[in-house]
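The values are calculated or read from the model by the stated rules, or taken from the named source; none is laboratory data. Predicted, not measured: the structure shown is a model, and the values here were computed from it. Neighbour counts run over all protein chains shown; Cβ positions are idealised from the backbone, glycine included. Keep in mind that these areas ignore ligands, DNA and RNA; they rest on the heavy atoms of the full protein, side chains included. Shrake-Rupley method; radii C 1.70, N 1.55, O 1.52, S 1.80 Å.
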Amino acid sequence: MSGRQGVAARARGLVLHGVVFVIAAVIIVPIAFGVLGGFKDNGQLSNNPFGLPSPWVTSNYTDILVAEEFWRPLFNSTLIAVATTVVVVGVSAAAAYVFARFAFRGREFLFMLFTIGLMFPFAVAILPLFILLRTIGLLNNPLGVILPQAAFGLPVTIIILRSFFRTIPGEVEEAAILDGCTPFGFFWRVLLPMARPAIATVSVLAIVASWNNFMLPLVVFNDPSWWTVPIGVRQFQGQYSDDTAKVLAYVVLAMAPALGFYAIAERQLIGGLATGATKG
């Protein structure tokens, strides 16, 4: 039996490694194709799409790196993503603290209203949201993107933070109060530092969601000076539709900040999710 179990374990290991290899190939091959394609010209892409560039056309990347049409959307996306994250995490942390540590009539009903927000896709609200933003004068204004993104990010962020806050033992709060902490002092000085993994997790999720948002900035911004990276990619692709190599270079450079940020924040993201799963 032990021999059969060993063979079965090795077979499962081989299958698992095969699945991981296939998934990695699906992710890595398109990125490698885009990176190398950016160093080619259109002739090389047609005649040798999967080979190494010969010669290497570095001007596709250098021309974009000195162009305002690349740096301006990058700045806009960074500004909007950071502002959205600050708003959604700050408001959600306060709301999750109230839902987790205070008992009052109607608490679960109010929390249910936030969870219901997960059931409505963003695309459903785009038309009434556009009318509302036009009415209050937030079109062509970064707040017209920041505030709706924060509002749609509240449900999942509150759910994650509330679950984490509820795992903090009540004895910690009692000890803080005995030491003279007010409820706000406990929240600011004790609870938030202890919840750093969860806050890092929801921050990463908020930044990535904002960075990848295409529909809302497209609807809100008619002024090209406020276009974000996804809109910049679309505009650049339309402008250089006959130069596929340069479009690939632009797409790769547009992806680089998000990939770099995720590489840096990966440990915090995985650690926060693992901590939440363990404590949940």
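Please work out how much accessible surface Ile116 shows to a 1.4 Å probe, ignoring ligands, DNA and RNA, in Å² rounded to 10. Accessible area of Ile116: about 60 Å². Value of Rg to Rh for the range 185-273, rounded to two decimals, is 1.15; Kirkwood radius and Rg both from alpha-carbon coordinates. Share of Cα-Cα pairs in the chain beyond 35 Å, in percent? Above the 35 Å cut-off, the chain has 37 percent of its Cα pairs. Here is how the number arises for the chain: DSSP H runs of 4 or more residues each give -39500 (n - 2.57), the sum is divided by the residue count, and the result at 222 nm is -24500 deg cm²/dmol.
Just to confirm, what accessible area per residue do you get for the range 29-144 at 1.4 Å probe, in whole Å²? All intermediate terms of the calculation are to be shown ahead of the outcome.
Values: 6700 Å² over 116 residues.
Per residue, the range 29-144 has an accessible area of 58 Å².
In the assembled protein chains, Val66 presents an accessible area of approximately 120 Å² (probe radius 1.4 Å). In whole percent, and with a 1.4 Å probe on the protein chains, what portion of the accessible area of the chain is carbon and sulfur? Solvent-exposed carbon and sulfur of the chain make up 70 percent of the total.
Could you please tell me the mean projected area of the C-alpha convex hull for the range 1-136, averaged over all directions and given in square nanometres to one decimal?
Working: hull surface 76.1 nm².
Taking the Cα atoms of the range 1-136, their convex hull projects to 19.0 nm² on average.
In the range 112-230 the Cα-Cα distances spread across 10 Å bins starting at 0 as 12, 33, 27, 19, 9, 1 percent of all pairs. By the combined test of axial Cα extent (at least 18 Å) and Kyte-Doolittle hydropathy (mean at least -1.0), the qualifying DSSP H helices of the chain come to 2-37, 68-101, 143-165, 196-212, 244-279. About its Cα centre, the dipole of the range 25-140 is roughly 600 debye, where the only charges are +1 on Lys and Arg Cβ and -1 on Asp and Glu Cβ.
Residue ranking by accessible heavy-atom surface, 1.4 Å probe, largest first, among Ser92, Ser163, Ser46 comes out as Ser46, Ser163, Ser92.
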